[in-house]
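The values are calculated or read from the model by the stated rules, or taken from the named source; none is laboratory data. Because the structure is a prediction, the values reported are computed rather than measured. Every residue, glycine as well, gets a Cβ built from its backbone with ideal geometry; the counts of neighbours run over all protein chains shown.
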Amino acid sequence: MEKILKENIESLRKALTDEVALLKNDPRFGKVVKLVTALNSIEEVAGHPKTAISELLGVFNGNVNTNEQNTLKTVNSMKIRSDEFFGKGPLEAAKIYLKKIGQAVEFNDIVQAIKTGGCEVRDMDKLRLGLSRSVYDIAKVGDNSYGLLEFYPAIKADRLKRFHESRNRKAKKKEQVGEETIE
């Protein structure tokens with residue numbers, strides 16, 4: 001049995017090596033490599049995690065995923081250092097994680113990621129409430145996902161506009177109350 005498995009492994013490895021050689025000779029693959037190299041250089045300067053070609057191709061732990069779970073797999077495959085969120089509060093760690101990921105993430109995945117990074121999450125309801133109340137930093141996307149507001153410029157602009165309108169109304173009310181007291 002072991003001999004058959006070994007032969008199959010060798011046969012598949014050879015077939016894969018041949019296919020990869022064909023890909024490497026394709027000018028489109030060369031262009032992909034150049035683009036990823038440029039992207040990685042910019043990501044490094046910006047302090048962002050580098051994008052892997054496997055991530056772009058939808059290959060995770062050897063499994064090709066072409067369905068909608070691709071995004072979640074990308075998030076879950078992101079490398080997190082064990083001390084990345086150590087000493088930070090859960091809400092701060094969640095915001096840092098969302099910034100690193102660059103997209104909305106389900107709440108349970110946020111909790112798992114920040115715990116993996118050394119953040120102590122004692123009260124998940126408090127974290128969920130904190131994310132929901134951080135309306136100038138966080139956007140609730142769907143029932144159970146959160147993203148940084150900076151990912152959604154139109155929503156951010158609308159919230160800021162409403163904030164300034166509200167602040168202006170309050171300032172006018174104060175002025176009116178102040179004028180009434182003077183008279």
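With respect to GLY118, is the statement that it is within 10 Å of the chain's Cα centre (by Cα) and small (Gly, Ala, Ser) true?
Numbers: within 10 Å of the chain's Cα centre (by Cα): no; small (Gly, Ala, Ser): yes.
Against the criterion (within 10 Å of the chain's Cα centre (by Cα) and small (Gly, Ala, Ser)), GLY118 does not qualify.
Report the residue count in the range 103-150 for those that are in contact with a strand residue (DSSP E or B) (Cβ under 9 Å, 6 or more places away or on another chain) and on the phi > 0 side of the Ramachandran plot.
Residues that pass the stated criteria total 1.
Could you check the range 1-15 and list, in sequence order, the residues that are surrounded by 10 or more Cβ atoms within 10 Å (Cβ to Cβ), of a type outside the set (D, E, K, R) and more than 21 Å from ILE53 (Cα to Cα)? Quick ask: steps written out before the conclusion?
Step one: filter the range 1-15 for residues surrounded by 10 or more Cβ atoms within 10 Å (Cβ to Cβ), giving 6-15.
Of the ones still in play, those that are also of a type outside the set (D, E, K, R) are 8-9, 11-12, 15.
ASN8, ILE9, SER11, LEU12 - these are the residues of the range 1-15 that are surrounded by 10 or more Cβ atoms within 10 Å (Cβ to Cβ), of a type outside the set (D, E, K, R) and more than 21 Å from ILE53 (Cα to Cα).
So the check is Cβ under 7 Å with 6+ separation or different chains; which pairs have a first residue in the range 111-132 that's over 10 Å from LEU91 (Cβ atoms) and a second one that's hydroxyl-bearing (Ser, Thr, Tyr) and crowded, with 16+ Cβ neighbours inside 10 Å?
Close Cβ pairs (under 7 Å, with a partner that is hydroxyl-bearing (Ser, Thr, Tyr) and crowded, with 16+ Cβ neighbours inside 10 Å) amount to ALA113/TYR97.
Take the range 112-127 and flag every residue that is crowded, with 20+ Cβ neighbours inside 10 Å and either modelled with pLDDT under 95 or under 26 Å from ARG159 (Cβ atoms) (or both). Break it down into steps so the answer makes sense when it comes.
Within the range 112-127, the first condition is being crowded, with 20+ Cβ neighbours inside 10 Å, and the residues that meet it are 113-114, 119, 127.
Result: ALA113, ILE114, LEU127.
Yes or no: LYS140 within 22 Å of the chain's Cα centre (by Cα), within 30 Å of ALA52 (Cα to Cα) and of a type outside the set (Gly, Ala, Ser)? Let's see the steps before the verdict.
Details: within 22 Å of the chain's Cα centre (by Cα): yes; within 30 Å of ALA52 (Cα to Cα): yes; of a type outside the set (Gly, Ala, Ser): yes.
Judged against the criteria, LYS140 is a match.
Among residues belonging to the range 128-149 that are within 14 Å of LEU98 (Cα to Cα) and of a type in the set (A, V, I, L, M, F, W, C), point out the one that is surrounded by the fewest Cβ atoms within 10 Å (Cβ to Cβ).
VAL141
Are there any pairs, at least 6 apart or on different chains, whose C-beta atoms fall under 6 Å, with the first in the range 16-37 and closer than 13 Å to ILE53 by Cα and the second outside any helix (DSSP H, G or I) and among the charged types (D, E, K, R), and if so, which?
Cβ pairs passing all conditions: none.
On the basis of being within 30 Å of ALA46 (Cβ to Cβ), of a type outside the set (Asp, Glu) and at pLDDT 90 or above, does LEU160 make the cut?
Details: within 30 Å of ALA46 (Cβ to Cβ): yes; of a type outside the set (Asp, Glu): yes; at pLDDT 90 or above: no.
Spelling it out, it is not the case that LEU160 is within 30 Å of ALA46 (Cβ to Cβ), of a type outside the set (Asp, Glu) and at pLDDT 90 or above.
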